[in-house]
Every structure is written in structure tokens, then in C-alpha cells.
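Single-structure report; data block below.
The values are calculated or read from the model by the stated rules, or taken from the named source; none is laboratory data. No experiment lies behind these values; they were computed from the predicted model shown. Heads up, the Cβs are rebuilt from the backbone with ideal geometry, glycines too, and the neighbour counts pull from every protein chain shown. The accessibility values were calculated without ligands, DNA or RNA, using every heavy atom of the protein model including side chains. Shrake-Rupley method; radii C 1.70, N 1.55, O 1.52, S 1.80 Å.
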Amino acid sequence: MKKIRLAVMALICAVFSPAKADEGMWLLQLMQEQNLADQMKARGLNISISDIYNPNQVTLKDAVGIFGGGCTGEIISPDGLILTNHHCGYGAIQQHSSVEHDYLTDGFWAKNRSEELPTPGLTFRFVERIVDITEKVNNDIKKGKITEIESFGQKYLNEIAKKELKNSDLKGKPGISTQALPFYAGNKFYLFFIKTYSDVRMVAAPPSSIGKFGGETDNWMWPRHTGDFSMFRIYADKNGESAEYSPENVPLRVKKFLTISLKGLQEGDYAMIMGFPGSTSRFLTESEVKLRMEGINTPRILVREARQAILKQEMAASDKVRIQYASKFAASSNYWKNSIGMNKAIKDNKVLEGKASQEAAFLQFAKDKNNREYAEVINGIDAYVSRVTPLRMQATYFTEVFRSGIEYGAPFQIFENLKTALQKNKKKDIEKAIETLKEQFANVHNKDYDHNVDRKVAKVLLPLYAKKVPDEALPVFYQTIKERFDGNYNKYVDALYDETIFGNEDNFNAFINNPTVEAIDNDLAIQYSAAKYAIHTQLLDKISEASKDIELLHKIYVRGLCEMYAPTPKAPDANFTIRLTYGNVKSYDPKDGIHYKYYTTLKGVMEKENPDNPEFVVPAKLKELYNKKDYGRYALPNGEMPTCFLTTNDITGGNSGSPVLNENGELIGAAFDGNWESLSGDINFDNNLQRCIAVDIRYILFIVEKLGGCQNLINEMNIVE
């Protein structure tokens, strides 16, 4: 009886009456069922929602995709030209940069297609098809093929995705893959058919003084004046199919691209965003919000702050290091500041109090329904939080220190294979292991890694980790530090970085010319890496044991909340699948007596200029254009140059680069940030404070044409005034 009821209740979140306000990262495939059309029309939408998404025809959905590994991009020309954020393309820009060709500082502008730069490893992914597989999953549960908890597991979801592809007409098509995911905490399941293009080339990027104007000072802040954009292009084989890079590849002739509008925007204008929001947690309990604050955000803030202080100092002292670590520093600092802002916003916006009120209402709802599952579920979640909090805190410290903080290490498992081969005197296995080690050595000492910079990071983070976790959570190499190095972290780190096989090329070559079991057994870096792995495995096992029932508890709680809030629909949490949000262009009042208008202009860039602060340097050519008011057709009616604007759209990480569309489905900007006051938005949407910050398409085109001199790119776009 319980399983049958789960299958029926899975639909509750999906079939409600129109939504309120602007909260909601809506599934395209449920817009009709959730009756969103009337609400969107009331906010100003002119086109049909079937023009946004229709499984049986080409729609706006087909012009939007996943850029790289964690951003959104949109197609803005028939020849596969991609628009995304500068910070999304930052890794690629850095990849192509060197001291001799410093595209981070100077920008990059391809004046013709022969100048567009192949970018190994960069992909662009389109959603080809979305299929509801909820009934299939629930039937497998009912028939006993899987347990309910196994339905959440990646193993099962991968199996069903593989099976569905095998039985699909898309089987064998170039670039096609499938992904099955749970929604509404496992009350719904969808399968996505994805088409991946792997020949993506860099086309245009403004200098960082435009693309990152304001730097960390302005990050998550408003007013904003950042030209946060870059452009790339998809290439395919002569048949328009996905293919690895080849000089013979040609620009992809896409089935859909966005029209660009220059008509401008006014307060109250309709705005919608389509993209791939990464992760939200709107259904958390009060105790789980505290876990997020104390077990994840606080450790992340402490560790990243310590690491970034070292990187910032080293980057300022060397152009080589600055280029090497530019992307790493940007990625680290982004969610360092986000974590600070989130903890502050949770307190300022009284999120914990709101969650407590919701739980009280839910318990009353459970009592009125005489539903025992609902009545007990919050206590079950609270018990889970109590068990997992110290473990989650340890896991965050471990990840921040040893996975994203200190980069150096040795591939101990490959060394173990070599050791076995040496002991058994198996020549072929020895040769194979050594060849693999050569590859790994090159991976460690890559062009974006500086051994001495990482050494300095290790000297700070290793003692920090020891202070923040209990003794039983310390890898065994801490005992080595204590006994062999008298507790002196600096001496240990110097030995780790100087005297080990992977420490430098001389050490490595000496070893592979005469590999011995003794050298492997005595190597500090191998011991260090093996110890990290062992303690991390133990920690994950403990977290898994402490969390064994949480997914089912969440499934019950989310189902109950959807039922309690009916008939108002609730969107599922973000999970990096395609979503639509809608709202309006709107100013806001962060505090009593403070009013922020909905747009900024180039005048603000000049007012913020500070030649002594690298975050607020203004390029000479941009100042020249400003002084001449040489804005072309991109200026406002009053002659000023717009830069950024605000909307009430619901976004989060992953939406970076997402197209902001007007009432006609035309491109008016690219989303790139949220505002400081609403950084608790991933947990709790605030109807008054939540804002999306976007770079105005007119500023983008102005920079491309007037500063970059790329009339060739302007000519291939469809621009309406």
C-alpha cells in the first residue's frame, strides 16, 4: 500500500494552479501541467509557452545549452556562435594565455574564423529530449527489482539511462548520451538525452578589466558595472555531427539561435531566463540549514581565506603565477564570498525562523491529516543532522584542504602496482607502470601548477586542518610530522616537496632509471597520498552509515510539503538540468532609506576607476570611447551607455551565462550574478530582496564592435531595434 501511494503522490508537486511571485526554477516539461502560461502572460509574456518548449518542434530551448562543466551558454547566430559569461570562459581564456599572449589582461578578438582558437577539453551540450520515467522507476520498486532507496542510487539510474538509450531511435547517434535523475526528492524521475559537441573554439573575450571589472570587491554586489561575457563557437564535421577537433571541421549550422533586441528595457518589463541552475536546497529543515552554515560554509570560508591569501600574494609578485592561478583563484574566491554572504543573509533574512514556522505548520498539517509518516519525519531528519554534523564538518575541511587546497601528491596506487611488479620481477608490468607514472608526473607538474606556490599553501593548510578536526580524523602522516619532524610542519612540507620522487624532474628521472621497492616504501609523498585516501574512505563510510535513511525522509517531507501547499505549485530543487524562471525588470530597496535603480551605465565605471587597484582599472580605449560618447546604436535615449540591469528572476550557480529574454523571447542580456542581500536564496527565496544581475546585451555588443573591432561577429547576428 505504501509503494502504491508513493507513486500517486509523486504527481502532487506537478499538477497545481498558477504560481505566485517569481520563485521557481520550473521544469520545461511541466509548464503546461503546472498552468504557468496564464501567470507568465500576466507578467507580460507575448509568445506562447509552446514557443519556449515543445517536444515536437524546435523552440527557444534548442538555443540554450551547457557551456563547459558548470555554466550556461546560448546560441546567438546561425553558425553556432555561443554567448556566455567571461567568468565561465575564464578557464579557456587562461588556457590560451601566456606571458607572451596575455589574453586575460589584453582580451582576445578573432576578426575571422581562421583566428578562432581550438580549446581542448571544452564542450557544449544541448538537451535533445526529456522523458518522464517515474512510472518505470516506481514499477521497478513495486516489482521488487530495486528497493526504494536504491532508486536514488547512481548505479540504478545509470542502468536505466543506458537501457533507455539502447531502445531509443537516438542510439548510436554521434555525441548522444543519457542521464536519469530524481526530482522532488525522488517523487519524480526524468531522463535527459544530451548531445555533446567537443570542438568548441574561443572567439572573443574582453580584457579582464572589463570582464571582471570590480573583481572580488563587487562580486555578488549591486550596483554592478561588469562586462561579464565571452564568445565561443561550436564546430562540427561536414555533416553537422559532433566530432573531435579537426582542421576540416566547420561551424555548426544550428537548428535554433536567439534574436537580439536593442529596444532596451524599462522597470516592470517582462524577463525570463532559461538555463542550468546547479543546486538549491529549498526543502531543508531548520536543523539542516544550521548544518549548511556550520558544517559546510564556515569551514569553507576559513580554509579558502587562508589559501587565497597565499595565492594573492604570489600572483601579485609574478605574471607567470598570476596567469597560472587566475582561474583557480577566481573559482575559489567566488564561493568563498558566497558562503560568507549566505551565512549573513540566513541571519539577516531570518531564514531559520521561517523554517521553524514552516515545520510547525507542517506538524499541524500532519496532525490534521492523521498522517504518521508526516508527523515523524522532521524528528527523523533532526536525528540525522545530529549524527552527521561533526562528520560533515570534517569532510568539508578535508575537501577544502586536501582536494581543492593542496594540489601536490603522488599516485600511490600506481606506485603499489609498480612495487608488486618489482617484487615479482615482471618486466612488462614494470614498463607499463613506469609509462603511467610519466603521464602522472606531467599531470602533476602541469602548466598551471607552481610547486613552490603549492608548498606555501601546504605550510598554512596542514596545521590549520590539525586544529579544526579531532585527532582520530587526522591522516597517519600527521604522526610522521610529530615523530620524525618534531611537529615542525615547515620541515615536513619541505621534505615532502623536495625529497620525494614526484618532487622534481631530477628525483623522478633518478627513480625511473633505477626503481626500487625501498624507494617506494620510504617516499613521503606516496605515504602522504595513501594516508589521505585511507582517512577519506573511512570518513565517507561513516557519513554513508549516518545518512542511510535521509533520502527516504526527504522524499516523505517534500511530498508532504507539496501536499500542504497545494494548490500552489512548488518547483523542484535545482540539479543542473534545464529550467525556466520568469519575472520582471525591477529595482529594490536593501535597507530603509536606500534605493537601487534597476540599471547601471558606463558612467559608473568611470566613477569607480582606481588605477592603484587592479580590480578597478579602466582600459584606455574604453575611456576614449566614453569621452567621445562613441556608443553607436547601443546608447540609451539620453545618450548614456547601459552596462548591467536587475530582474526578479530566480537563479543560482550554473545559471551563469544564461540568456535573459524579453516578452518576445528576444535576448536582452546575460545573467551573471545574484545580489548580496539574497545569498540565502539557494535555501529560501525572498520575494522582496532576490535579484538577478545581468550584463546588458547592448553593452556586450558595444564592446564587441567598438572596442574589439569585431564587426564580423555583429554581422552574423540577427539584431532587431
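Observations
- Leu602 meets each of the listed conditions (1) closer than 30 Å to Phe67 by Cα; (2) under 28 Å from the mean Cα position of the chain (by Cα); (3) open to solvent by less than 10 Å² (accessible area, probe 1.4 Å); (4) not charged (D, E, K, R) apart from (2).
Per-residue answers, yes or no, for (1) β-branched (Val, Ile, Thr); (2) surrounded by fewer than 20 Cβ atoms within 10 Å (Cβ to Cβ); (3) within 13 Å of Asp686 (Cα to Cα); (4) out of contact with any helix residue (DSSP H, G or I) (no Cβ under 9 Å at 6 or more places or on another chain):
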site: Ser318; (1), (2), (3), (4): no, yes, no, no
site: Tyr325; (1), (2), (3), (4): no, no, no, no
site: Ser339; (1), (2), (3), (4): no, no, no, no
site: Asn349; (1), (2), (3), (4): no, no, yes, no
site: Glu353; (1), (2), (3), (4): no, yes, no, no
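- Of all the listed residues (Asp140, Asp132), the sole one being open to solvent by 20 Å² or more (accessible area, probe 1.4 Å), of a type in the set (D, E, K, R), touching a Ser or Thr at 6+ places or on another chain (Cβ under 8 Å) and farther than 30 Å from Pro251 by Cβ is Asp140.
- Extreme residue, nearest to Trp109 (Cα to Cα), among residues of region 684-710 that are surrounded by fewer than 24 Cβ atoms within 10 Å (Cβ to Cβ) and at pLDDT below 95: Leu689
- Enumeration of residues in region 649-666 that are open to solvent by less than 10 Å² (accessible area, probe 1.4 Å) and either farther than 15 Å from Ser261 by Cα or at pLDDT below 95 (or both): Asn649, Asp650, Gly654, Asn655, Gly657, Ser658
- Filter pass, Val99 being part of a strand (DSSP E or B) and open to solvent by 40 Å² or more (accessible area, probe 1.4 Å): no
- Pick from region 435-486, criterion under 18 Å from Pro411 (Cβ atoms), among the charged types (D, E, K, R) and in contact (Cβ under 8 Å) with a residue 24 or more places away in the chain, ranking: surrounded by the most Cβ atoms within 10 Å (Cβ to Cβ): Asp454
- Qualifying residue in region 218-241 (condition: touching a Pro at 6+ places or on another chain (Cβ under 6 Å), surrounded by fewer than 21 Cβ atoms within 10 Å (Cβ to Cβ) and touching a residue at least 60 places away in the same chain (Cβ under 8 Å)): yes
- Boolean, Gly669 is modelled with pLDDT of 95 or more, surrounded by 19 or more Cβ atoms within 10 Å (Cβ to Cβ), more than 23 Å from the chain's Cα centre (by Cα) and under 30 Å from Asp38 (Cβ atoms): no
- Elements of type strands (runs of 3 or more DSSP E) contained in region 114-212, each with 2 or more residues being more than 30 Å from Tyr699 (Cβ to Cβ) and touching a helix residue (DSSP H, G or I) at 6+ places or on another chain (Cβ under 6 Å): 176-183, 188-197
- Phe124 being over 22 Å from Leu30 (Cα atoms), open to solvent by less than 80 Å² (accessible area, probe 1.4 Å) and in contact with a Gly (Cβ under 7 Å, 6 or more places away or on another chain): yes
- The set of residues in region 86-141 that are in contact with a Phe, Trp or Tyr (Cβ under 9 Å, 6 or more places away or on another chain) and of a type in the set (Lys, Arg) comprises Arg125, Arg129, Lys136.
- Taking region 682-721 as the range and being farther than 15 Å from Lys586 by Cβ and part of a loop (DSSP other than H, G, I, E, B) as the test, the residues that pass are Asp682, Ile683, Asn684, Gly708, Gly709, Cys710, Met717, Asn718, Glu721.
- Candidates are the residues of region 103-120 that are under 24 Å from the mean Cα position of the chain (by Cα) and over 22 Å from Lys212 (Cα atoms); the one that is least open to solvent (accessible area, probe 1.4 Å) is Pro118.
- Selection within region 474-502 - under 12 Å from Leu524 (Cβ atoms) and part of a helix (DSSP H, G or I): Phe477, Thr480, Ile481, Arg484, Lys491, Tyr492, Val493, Asp494, Ala495, Leu496, Tyr497, Asp498
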